[in-house]
1. What trypsin sites (Lys or Arg not before Pro) does region 234-263 have in DSSP loop regions with at most 13 other beta carbons within 10 Å?
2. Can you compute the charge dipole magnitude of region 209-285 about its Cα centre, using +1 on each Lys and Arg Cβ and -1 on each Asp and Glu Cβ, nothing else charged? Give it in debye, rounded to the nearest 20.
3. Identify the trypsin sites (Lys or Arg not before Pro) of region 146-195 meeting these criteria: DSSP loop state and at most 12 other C-beta atoms within 10 Å of the C-beta.
4. Between residue 60 and residue 119, what is the spin-label point distance in nm, taking each point 7 Å from the Cα along the Cα→C-beta axis?
5. With θ taken as phi - 60° and the coefficients 6.51, -1.76 and 1.60, list the Karplus ³J(HN,Hα) couplings across region 205-213 in order, rounded to whole Hz; mark glycine and proline as x.
6. Quick check for me: using +1 on Lys/Arg Cβ and -1 on Asp/Glu Cβ, what's the dipole size of region 167-220 about its Cα centre, in debye to the nearest 20?
7. Magnitude of the Cβ-charge dipole of region 4-202, K/R +1 and D/E -1, about the Cα centre, nearest 20 debye?
8. Find, among the chymotrypsin sites (Phe, Trp or Tyr not before Pro) in region 134-234, those assigned to loop by DSSP (not H, G, I, E, B) with at most 14 other beta-carbon atoms within 10 angstrom.
Amino acid sequence: MFSGRSGAARLSLIVVVSLIVLKVVVGIITGSLSVLAQAVDSFLDLFAVAITFIALTIAARPADAEHPFGHGKAENMAAIVQAVLIFVAGGSIIYSAVRRVQTRAGLELTEAGMAVMAVSILASIFLARHLLRVARQEDSLALEANAHNIAADVYSAAAVFAGLLVVRFTRFTFIDPILAVIVALFILKVSFDVLRHSLGGLVDVKLPEAEEGDIKAAITEHFGGEVVDFHKLRTRKAGSQRYIDVHLVMPKHVSIEEAHRMCDHLERDIKGRLVRTDVTIHVEPCDGSCVECKITCEERKD
C-alpha cells in the first residue's frame, strides 16, 4: 500500500498531518515555543510532501517532443523548493525565540509536550527510514530530500523533549527559547545540504566517481579485443535518470555491423550496472597509432 514512490508520498502525508495536529494543540496548551517550532517544521514538511508528490508525478511522464530528455529535473526543482521552505521555517523560529526571551512567557503542562515529542520522534524515525529505503530503491532525489527533512525532525524533537524535561524539574523556562534556536540552526543546515545536493542536477554535475568507474570498467574490459580506446566521457543526471555519452575508438577494419553490435553490448552492460540510464556512443576509427594498440588487424599483424 505504501511501497513505491506514490505510496511513500501518501504515507508521508498521513504521518505529517497527524503530527501537525498534535503539535499545534499541545503547543497552544503548554505555551511551549519549542513545541510550536516543531509544529512549524512539520507544517513545512506538509508542503514538502505535496511538492514531492507533484514532482514525482511530473518526473514519471515519458519524454515528449518538447522534453526529449524527459521530465526528471522536476525532482531537482522540488528539492530546491523544499530547501527554501525549510530555510524560511528556521528563520521564523529564530525570530519567535527572540520574541519569547523579550516577553518572558512561562510554560504549562510540560508533560503533554514531552508526550507529543516522544510520539513525534517514533513516527519520524519510522517514516524517515521508510522514505530513505524507497528513495534508494527508486533512485528518487525528491524522496531522498524528503527523508532527510523528516530525519532532521528526529534530532530536533529529541532536543525539545530534553528541554521540556529540564523545564519540568528545574523551572528554567529560558531553556525553551534556547532549544528553539538550536532546532532552527539545525533546520537551516538541513536546508543548505538539500539545496547544495539538488542544485547539482540542474547544472549538470557529473555522476559520482564510483558510477563513472562502473562505466569505464564496462568499456575497458574490451580493450585488446574489439575496443582500442575511449574518450570524451560525459555524464549527468536529471532526477533519477542518468545520461551518458562517450566516444569509442575501434579498429579501422571493423564493419558497421560489428561496431553497432559492440555499442549495443556496451549499452546493455552499462544499463545493467546503473539503472535508469540513457547511453549515447559515438564510434571513431583508430588514428593508426599502432605502438600502444594491442589489437591485431590488417595494418598490424604479429
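Only the coordinates and a few stated rules stand behind these numbers; no lab work does. Just so you know, these numbers come straight off a predicted model, no measurement behind them. Note: ideal-geometry Cβ built from the backbone for every residue, glycine included; neighbour counts use all protein chains shown.
1. Here the sparse-neighbourhood loop sites are 252.
2. I would put it at about 320 debye.
3. 171
4. The modelled label-to-label distance comes out at 3.1 nm.
5. Coupling constants for region 205-213: 5, 5, 5, x, 4, 5, 6, 5, x Hz.
6. In debye, rounded to 20, region 167-220 gives about 460.
7. Magnitude of the dipole: close to 380 debye.
8. Of the chymotrypsin sites (Phe, Trp or Tyr not before Pro), the ones in loops of region 134-234 whose Cβ has at most 14 other Cβ atoms within 10 Å are 172, 174.
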